[in-house]
Amino acid sequence: MRVKIALASLLANQFRDLDAPVFLVRAAFPAGPAALNLISDAKAPLPPTEPEGWYEPAVKPRENDVLILKRHWGAFYGTELDLQLRRRHIETIVIGGIATNFGVESTARSAYELGYDLVFAEDAMASFNKTNHDFATENIFPRLGRVRSTVEIVRALRESN
């Protein structure tokens, strides 16, 4: 997991160096009566305990970063993410995060439906297991956008400036 966080930080720092906005999403799922608790065959896996800071962004925020608080799997539903992206005239999103086949995939599907071009930082995201991660990165994400390594994305960003 530390390698994934280091790659996500590298990517965020590259965007900051180019004065491009960095959007960090923090998850804070409601508990008790406010929790979304629909009838399903299986509940989404959550950490067995909630260690201190588990809900904080792995990439530490810096001044001018845009912080988004999500309360569901995807970062668009019920947040101002779309509004903040459109205000900045952003058309392409580079996406990473946790968990590949839950939060990342849900966010990506919404972004695709909203018309954003997507680039997936495959090695800057993780899932609960390799099988789930690989299924999303090999079967779902290529249909929604471009799947690249962090190094490939950083190289492309540097070459475009």
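FYI, it's all coordinate maths here, none of it is from the lab. Worth saying up front: this structure is predicted, and the values here are computed from it rather than measured. Cβ atoms come from the backbone with ideal geometry, glycine included; neighbour counts cover every protein chain shown.
Here are a few things to note about the model shown:
- Between Ala28 and His72, the distance separating the two model label sites (each 7 Å from Cα on the Cα→Cβ line) works out to 1.8 nm.
- Sites matching trypsin sites (Lys or Arg not before Pro) across region 70-148 that sit in DSSP coil, with at most 16 neighbouring C-beta atoms within 10 Å: Arg71, Arg88
- For Val66, nonlocal amide neighbours, meaning residues 5 or more places apart or on other chains whose placed amide H falls under 5 Å from its own, are Val22, Phe23, Leu24.
- More than 18 Å apart - percent of Cα-Cα pairs taken over region 66-161: 45
- Pairs of Cα atoms farther than 16 Å apart, region 80-132, %: 40
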